[in-house]
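Step one of this worksheet: look at the structure below.
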Amino acid sequence: MILQALTTELQLGKLDQFLARLIDLSITAGKHILTAVLVYVVGRFLVNLINRLVRGMLERRHIDVGVQSFLRSMVNILLTVLLIISVIGALGVNTTSFAALLASAGVAVGMALSGNLQNFAGGIVILLFKPYRVGDTIEVQGLTGVVREVQIFHTILNTFDNKLIYIPNGSLSTSVVVNYSREGARRVQWTIGVDYGTDISRVRQLLLTLFQSDARIMQEPEGRKPFVGLDALADSSVNLVVRVWVKTEAYWDVYYDLHQQIYELFNREGIGIPFPQTVVHLQREA
């Protein structure tokens with residue numbers, strides 16, 4: 001319309017009106033261009049500032065380098081898209097239809113990738129609150145293994161028989177997770193049966209002496225000293241509960257080593273370890 005009006009005025013010989021209208025259009029366009037440049041410069045400065053803040057936050061939380069790179073790229077893309085929309089608006093272009101189209105596309109993509117978005121959100125929760133880290137031994141959803149990698153959509157679990165399990169982060173963020181590696185010490189416990197009539201005080205002293213000779217077993221503080229107590233008078237045995245505290249990394253070594261040493265100790269000292277028995281009485285008919 002504007003070009004048609006200018007052409008008409010030019011054809012009618014109204015050169016003065018044409019030049020005045022052209023000057024007005026140039027001034028208006030210059031204002032829009034100047035505003036757009038100003039918006040771009042300020043917006044680029046803010047984008048760089050936010051990117052630096054996000055990078056510093058991720059580095060302080062010691063998040064995996066690959067995850068940091070992905071998150072920084074995503075934030076940068078989102079901020080850049082917002083900056084482009086702002087510059088287009090500053091140029092005087094109506095961005096309402098553009099924003100509506102972008103929103104519609106976002107809704108469609110979100111519906112198509114709803115499961116992955118849930119896993120993505122779960123991954124963000126895991127990365128921020130750190131219920132576990134790479135290298136931790138965890139138990140979740142009936143699975144136990146070492147966390148090998150925390151990805152955006154999945155956590156990779158390496159089981160003790162060397163299987164890789166990919167667990168969606170969405171379910172992990174809402175499940176009960178048992179972390180065996182977070183604390184520095186763990187308690188090892190056995191239940192050991194001895195024959196009825198065995199001197200329990202003697203057995204207890206032998207076990208405590210055995211535990212004192214093992215440097216892996218904690219002897220202090222008071223709450224973590226080795227403990228031996230009478231647990232139950234069972235059908236075939238007197239059951240003792242035995243508890244010791246060790247460093248987390250030594251848990252399984254102590255568990256298996258001490259089990260064998262207790263068995264050998266009882267054999268040397270003549271302490272009987274009972275097993276279930278059934279006595280059958282036969283009655284002969286007269």
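Each residue in region 164-189 was checked for being of a type outside the set (Lys, Arg), part of a loop (DSSP other than H, G, I, E, B), open to solvent by 60 Å² or more (accessible area, probe 1.4 Å) and free of Cβ contacts under 8 Å to residues at least 60 places away in the same chain, and 2 pass. Among the residues making up region 113-158, those that are in contact (Cβ under 8 Å) with a residue 60 or more places away in the chain, hydrophobic (A, V, I, L, M, F, W, C) and surrounded by 14 or more Cβ atoms within 10 Å (Cβ to Cβ) are Leu127, Val150, Ile152.
Tally time: how many residues in region 251-286 are modelled with pLDDT under 85, surrounded by fewer than 14 Cβ atoms within 10 Å (Cβ to Cβ) and in contact with a strand residue (DSSP E or B) (Cβ under 9 Å, 6 or more places away or on another chain)? The total comes to 1. Which one is nearest to His62 (Cα to Cα), of the residues in region 122-163 that are acidic (Asp, Glu) and assigned to a loop (DSSP other than H, G, I, E, B)? Among them, the one singled out is Asp136.
Residue check: is Gly43 among the small types (Gly, Ala, Ser) and either modelled with pLDDT of 75 or more or not in a helix (DSSP H, G or I) (or both)?
yes
The residue that is farthest from Ser201 (Cα to Cα), counting only those in region 233-286 that are in a strand (DSSP E or B) and over 41 Å from the mean Cα position of the chain (by Cα), is Leu233. Within region 208-221, the presence of a residue that is assigned to a helix (DSSP H, G or I), under 30 Å from Phe129 (Cα atoms) and open to solvent by 40 Å² or more (accessible area, probe 1.4 Å) is excluded.
Which condition number does Ala234 fail, the rest of (1) at pLDDT 90 or above; (2) open to solvent by less than 60 Å² (accessible area, probe 1.4 Å); (3) not hydroxyl-bearing (Ser, Thr, Tyr) being met? Exception for Ala234: condition (1). For region 192-201, the criterion of being part of a loop (DSSP other than H, G, I, E, B), surrounded by fewer than 17 Cβ atoms within 10 Å (Cβ to Cβ) and in contact with a helix residue (DSSP H, G or I) (Cβ under 8 Å, 6 or more places away or on another chain) is satisfied by no residue at all.
The values are calculated or read from the model by the stated rules, or taken from the named source; none is laboratory data. Worth saying up front: this structure is predicted, and the values here are computed from it rather than measured. Heads up, the Cβs are rebuilt from the backbone with ideal geometry, glycines too, and the neighbour counts pull from every protein chain shown. SASA here: full protein model, heavy atoms, side chains in, ligands and nucleic acids out. Shrake-Rupley method; radii C 1.70, N 1.55, O 1.52, S 1.80 Å.
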